[in-house]
Structures are given as structure tokens and as C-alpha cells.
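Reading through the C-alpha cells given below for one structure.
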Amino acid sequence: MTDTTQGGDGAILDFDLTGKVALVTGGSRGIGKSIALTLAARGADVAINCNTGGQLAEAVCEEIRQLGRKAEFYPHNVGDESEVEKMRDEILRDFGRIDILVNNAGITRDKSFKKMTREMWDAVINVDLTGVFLVTKQFVDPMAERGWGRVINIASVIGEIGNFGQTNYAAAKGGLIAFSKALAREYAKKGVTVNTVAPGFIRTEMTDAVPAEALKVVTDSTPLGRLGLPAEVAAGVAFLASNAASYVTGHVLDINGGYAM
Ligand code: NAP
């Protein structure tokens, strides 16, 4: 019998997600859409959450069904506890369980600290940090009871190095990195890994809102010389979701073209 702990065994190089059920929050567009499609392409059935973009989410579901996988969408605000509980009930009704949770939903409300209002602070903390707490609460203990699970949180390079005009977002994403490490320690012995992916600047509607001059400053200081693509983030998530990442927990995977290292 091969000892899989010694390396060289094919079982460790297992990137297949067939038979797994994933939930991707904010999966209707941008990075979340790419994650949902990539996990489905690896074999997972996928529950997609969004806030108000149901039409886009349904289109992603349709693409996933074309791949032969099951997909449904759930338009519920991750920052609202009763909405999250409704989403849990609907997902359990349709899929029975979640094995892979990707907390991807996120918003920005940028302003210099001087101009930042309490509303802007609360909005970002509520979706980007409390939303992760609320959704994870619903699904992580059942994963632990079954002895296998993956929680993958999408933070940001801004949570590691900060950024002008983003004290709220930096606090939420930095908090998310710390949250993930603490949760990783709590669930490590129960078969559940918890990791963070920290993207740099990725071409989505979120960065479409950033002025071109500001993006030029970013690409000029990115060793790989360009913005990232959603699929490049999704590739990291697919690895962390798989059995190939069985010895990875509490990690922050930077996908930022070398912008911060
Ligand atoms: P995006 O294109 O703006 O998409 C955001 C997604 O989140 C949408 O599906 C949106 O659904 C959903 N969402 C927003 N608020 C929600 C809420 N309250 N409840 C449920 N869903 C909600 O964003 P993105 O650029 O793909 O970013 C995805 C994640 O990566 C975010 O956490 C972001 O902070 C992080 N990130 C992005 C970049 C980047 O450069 N793009 C870099 C680092 C990290 P609706 O359309 O229904 O609102």
C-alpha cells in the first residue's frame, strides 16, 4: 500500500471536484462567476448567491447546466441574517449540503478617511466581513460533522497593505484574513480547511469603477505589468477546494501579479 504522506502518490494530485457541492457568494458576475464556472468545470454542483442580480445569476446557472452540473441561484443579501437563514434553507432543500464554501461577495464604498461616513464604513464591514461570518455560520459545522469541508474566503491585497481611500475595505479584508486564520485553527482537526485568496487588481466591474490613471499606476507597479483576470483567481480557488490542497490551511494565497510580495 502506498503511503500518501510520503509524496509521489497520484491520490494527492487530485484536483477533481466530482460529487462535491459548492456555494459561491457573489457568483453572478466578476470573480465569483469565474469561480462558479471553474468549480463546475472541475465537476462540482454549484449554488450561486447574489444580491439583486438574479438575471445574471440565472445565466451563470445555465452555463453550468450546459457543463452537465447542477446549478441554482439564491438572491439574498449576505449581510442580513434572516436572508442568510432563508438562503441556507433553500440550498439545503435543493442540494442537501455544502462541501465547499467560497465567500466571495464584496462591495466597496471608497472615500478618503476625512470624507468617509459611518454609512460607508458600516456598509462595507457588513457585507465584506459580517456577511462572511453569517454565511460561514450556516455551513461550517455540518462540514465538520461529515469530516470534510473547504472554506475559501476572497480577501484582497488591500487587506494586506492598505490603500488610500479604502480604510473601510482594508479593515474588512484584513479582518477577513485574521478571521480565516482563527477559523482554520478551530476546524483543522475536523477535516475542514480554511484559506484566504488575496487578489490584486482584477479586471471586473469593481475595477471598472477605478479611474484609468489610478489603474495605470497599479499596472506600472505590478511586475507582471497588467491587471489580473477573474479566471486567474478562480484557478487558485479550484486548487484550494481540491484534495490536492489537503495539507493547506490558514494560508493566504496572493494572486496579484507580484504587486505585493
Ligand atoms: P463585482 O464584479 O462587483 O461582483 C460582486 C458580486 O458580489 C456580485 O455577484 C454581487 O451581486 C455580489 N454582492 C454584492 N453585495 C452582495 C450582498 N450584499 N449579498 C450577496 N451578494 C452580493 O466584484 P468582483 O470584482 O468580482 O469582486 C469579487 C470579490 O473579490 C469581492 O469580495 C472583492 O472585494 C474581491 N476582490 C476584487 C478585486 C478586483 O480587483 N476586482 C481585487 C481584490 C479582491 P449583485 O450583482 O446581485 O449585487
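The values are calculated or read from the model by the stated rules, or taken from the named source; none is laboratory data. Remember, predicted model here, so these are calculated numbers, not experimental data. All Cβ positions, even for glycine, are placed from backbone atoms using ideal geometry, and neighbour counts span all protein chains on display. Please note that ligands, DNA and RNA were not included when accessible areas were found on the heavy atoms of the full protein model with its side chains. Shrake-Rupley method; radii C 1.70, N 1.55, O 1.52, S 1.80 Å.
Key figures
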| read-out | value |
| --- | --- |
| Sum of side-chain charges, VAL194 neighbourhood, beta-carbon under 10 Å (Lys, Arg +1; Asp, Glu -1) | +2 |
| For segment 60-176, fraction of C-alpha pairs farther apart than 20 Å, in % | 50 |
| Charge dipole of the chain about the Cα centre (unit charges at C-beta), most positive-ward option of ILE161, ALA235, MET120 | ILE161 |
| Segment 120-261: translational diffusion in µm²/s, Stokes-Einstein, Kirkwood Rh over Cα pairs, 25 °C, 0.890 mPa s | 155 |
| Cβ-defined net charge surrounding GLY159, 13 Å radius [Lys, Arg +1; Asp, Glu -1] | -1 |
| Rg over Rh, two decimals, segment 1-140 (C-alpha only, Kirkwood Rh) | 1.08 |
| Percent RCO, i.e. relative contact order, over segment 36-169, from Cα pairs under 8 Å lying at least 6 residues apart | 23 |
| Net dipole in debye of the chain [+1 Lys, Arg Cβ; -1 Asp, Glu Cβ; about Cα centre; nearest 20] | 340 |
| Solvent-accessible area per residue, Å², over segment 116-212 with all protein chains present [probe radius 1.4 Å] | 43 |
| Rg over Rh [alpha-carbon atoms, Kirkwood Rh] for segment 149-188 | 1.06 |
| GNM flexibility winner over the chain from GLY19, GLY27, GLY228 (Cα, springs under 10 Å) | GLY19 |
| Distance from segment 229-261 to segment 21-46 (C-alpha centre basis), Å | 15 |
| Accessible area of PHE139 in the full protein assembly, 1.4 Å probe (Å², nearest 10) | 10 |
| THR207 accessible area, 1.4 Å probe, all protein chains in place, Å² to nearest 10 | 10 |
| Cβ crowding within 10 Å averaged over residues, with 57-67, 147-157 ranked highest first | 147-157, 57-67 |
| On Cα atoms only, tilt of 131-146 relative to the major axis of the chain in degrees | 10 |
| Entries in LYS137/LYS190; LYS20/LYS181; LYS137/LYS181; LYS20/LYS190; LYS20/LYS70 that, when Cα-Cα distance is taken, lie over 19 Å | LYS20/LYS181 |
| Calculated [θ] (222 nm, deg cm²/dmol) that DSSP helices of n ≥ 4 give over the chain, each run adding -39,500 (n - 2.57) | -13000 deg cm²/dmol |
| Over 23 Å between alpha carbons, listed pairs LYS86/LYS111; LYS111/LYS216; LYS33/LYS173; LYS111/LYS173 | LYS86/LYS111 |
| The chain, Rg to Rh (Cα coordinates; Rh as Kirkwood inverse mean 1/r) | 0.96 |
| Counted charge near VAL252, where neighbours are those whose Cβ lies closer than 12 Å (Asp, Glu -1; Lys, Arg +1) | 0 |
